[in-house]
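The values are calculated or read from the model by the stated rules, or taken from the named source; none is laboratory data. In this text the structure is predicted, and so the values were computed from the model without any measurement. A quick note on method: Cβ atoms are made from the backbone with ideal geometry, for glycine too, and the neighbour counts reach across all protein chains shown.
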Amino acid sequence: MNEPIYFDEQHRQFRDNLRRFVEQEVVPQAAPWEEEGMVPRAVLRKMGELGYLGVRYGEQYGGSKLDTVYSAILAEELGRSTYGGFAVTVMVHTDMASPHLANFGTPEQLERYLPTIIRGEKICAVAVTEPDAGSDVAGIRTRAVRDGDHWVLNGSKMFITNGVHGDVYFVAAKTDPTAKGSRGISIFIVEKGTLGLRVGRTLKKSGWLCSDTAELVFENCRIPAANLLGGENKGFYQIMRNFQNERIVLGAQTMGEAARAIELTLAYVRERKAFGATLWDKQAIRQRLAMRAAQVEAGRQLVYHAAWLDAQGRECVKEVSMVKALCGELVNDVVYDCQQFHGGFGYMREAAIERMVRDARVQAIGGGATEVMLEEVAKRL
């Protein structure tokens, strides 16, 4: 594929180095991670050593202080690994959870947590979703009550990526139950091992198998008042602000997955023979893959345009919502066709495309369901 017009030599070097890392350190090793249900810490620490976990953060904490376009490159290349669980493990850490700290942390909080997060020594998660509140963030029921120099949390969180093996959680809770809608939400830093915090269940998923996912339970969980992140009753704004970044990187991840699925399928159909000719000799297959390639290229360009707009500080809620809606659906269409063209082999666990089909399904749900995103677009037409 041609490079986005926003790329310069530094972007290309970053992408090429990251692609080599994924091809050498991830793809040959990752199959057992699916069985183990987690990405090894050694791999995440290696990514930290190479600077991939601190792309957006200040140099004083060990980061590179780059922009949203680099986050999109990171997500796209991780998506190309064909292991969606690996990709989302990293992306939650770098672009969905830790931005809450980086954007709203006090100097003391930043100094305490951010360097170890950037080095991959501590893995973080964001805990907003609940059994009865997903895209409807204002509907959360977890409560935090002030008690002297502490806050006491009670409630539960659901579908939390990195929740089982994470070290630091950024937790949304209602601090003012009398406030209307979303106005009474705050974010708290909760460390693993805090009394009153436990993993209720390790959740078993259809896909993203090497990503650990948890139900978290808070039972009179006492945390220091200093662990309030970003100000009391300011949490909804913090969550909404980071949704833009989250949806851009998810879009980039899906386009990396879709592009790689097409590459794998092209290699297969050019070799696989049926009825005296290769599958590539069938006009219907050639044209379907050509159309899918065109659609992925269009989606990819939209991703990088939205990332560039965000990096420039421009208003881009409409474009980002388009990215999430379009790319989350498109990756599912692409991998469905690619699996079809793999025939019976595509239904076997040993085929990468089989895993990619399972991994792709959640991309139209998590981070903003397609229907929710389309409403955001419609409001701005």
**OP:** Please list, ordered by first then second residue, the pairs with beta carbon atoms under 7 Å, 6 or more apart or interchain, first in region 211-235 and in a helix (DSSP H, G or I), second surrounded by fewer than 22 Cβ atoms within 10 Å (Cβ to Cβ).
**Re:** Ala225/Asp149; Ala225/His150
Original post:
Before we move on, is Gly54 outside the structural domain of Ala307 (by TED's automatic domain parsing) and either among the β-branched types (Val, Ile, Thr) or in a loop (DSSP other than H, G, I, E, B) (or both)?
Top reply: yes
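May I ask you to verify whether Asp359 is in contact with a Phe, Trp or Tyr (Cβ under 8 Å, 6 or more places away or on another chain), assigned by TED's automatic domain parsing to the domain that holds Leu302 and under 25 Å from Phe243 (Cα atoms)?
Details: in contact with a Phe, Trp or Tyr (Cβ under 8 Å, 6 or more places away or on another chain): yes; assigned by TED's automatic domain parsing to the domain that holds Leu302: yes; under 25 Å from Phe243 (Cα atoms): yes.
For Asp359, the condition - in contact with a Phe, Trp or Tyr (Cβ under 8 Å, 6 or more places away or on another chain), assigned by TED's automatic domain parsing to the domain that holds Leu302 and under 25 Å from Phe243 (Cα atoms) - is met.
So which residues in region 275-292 are in contact (Cβ under 8 Å) with a residue 40 or more places away in the chain and under 14 Å from Gly343 (Cβ atoms)?
Leu279, Ile285, listed by residue number.
Kindly check whether there is at least one residue in region 253-274 that is in a helix (DSSP H, G or I) and farther than 27 Å from Tyr83 by Cβ. Give the steps one after another, and end with the answer.
Initially, region 253-274 is screened for residues in a helix (DSSP H, G or I), giving 253-271.
If we keep only those that are farther than 27 Å from Tyr83 by Cβ as well, we get none.
No, region 253-274 has no match at all.
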Original post:
What are the pairs, 6+ residues apart or on separate chains, where a residue within region 125-139 that is farther than 18 Å from Arg201 by Cα has its Cβ under 6 Å from a residue that is modelled with pLDDT under 85 and crowded, with 16+ Cβ neighbours inside 10 Å?
Top reply: Ala138/Ser182; Gly139/Ala133
Subject >> Close pairs from region 353-381: first over 19 Å from Met255 (Cβ atoms), partner of a type in the set (S, T, N, Q) and at pLDDT below 95, Cβ under 7 Å, at least 6 apart >> reply: Val372/Ser135
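Can you pull out every residue in region 62-73 that is buried (at least 19 other Cβ atoms within 10 Å of the Cβ) and either among the aromatic types (Phe, Trp, Tyr) or in contact with an Asp or Glu (Cβ under 8 Å, 6 or more places away or on another chain) (or both)? Lay out the reasoning, then the answer.
The initial filter retains those residues of region 62-73 that are buried (at least 19 other Cβ atoms within 10 Å of the Cβ), namely 63, 66, 68-73.
Across region 62-73, the qualifying residues are Thr68, Tyr70, Ser71.
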Original post:
For residues in region 330-352 being in a helix (DSSP H, G or I) and of a type in the set (D, E, K, R), which is farthest from Met255 (Cα to Cα)?
Top reply: Asp337
**OP:** Could you check, for region 191-203, whether at least one of its residues is in contact with a strand residue (DSSP E or B) (Cβ under 6 Å, 6 or more places away or on another chain), among the basic types (Lys, Arg) and surrounded by 17 or more Cβ atoms within 10 Å (Cβ to Cβ)?
**Re:** no
**OP:** Name every residue in region 324-344 that is touching a helix residue (DSSP H, G or I) at 6+ places or on another chain (Cβ under 9 Å) and without any contact (Cβ under 8 Å) to a residue 24 or more places away in the chain, in order of residue number.
**Re:** Tyr336, Gln339, Gln340
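I'd like the full set of residues that are of a type in the set (A, V, I, L, M) and buried (at least 20 other Cβ atoms within 10 Å of the Cβ), limited to region 335-351.
Let us first name the residues in region 335-351 that are of a type in the set (A, V, I, L, M), namely 335, 348, 351.
Across region 335-351, the qualifying residue is only Val335.
Out of curiosity, is Val90 assigned to a strand (DSSP E or B), touching a residue at least 12 places away in the same chain (Cβ under 8 Å), β-branched (Val, Ile, Thr) and surrounded by 24 or more Cβ atoms within 10 Å (Cβ to Cβ)? I'd like the intermediate steps shown before the answer.
Values: assigned to a strand (DSSP E or B): no; touching a residue at least 12 places away in the same chain (Cβ under 8 Å): yes; β-branched (Val, Ile, Thr): yes; surrounded by 24 or more Cβ atoms within 10 Å (Cβ to Cβ): yes.
When the stated conditions are applied, Val90 does not pass them.
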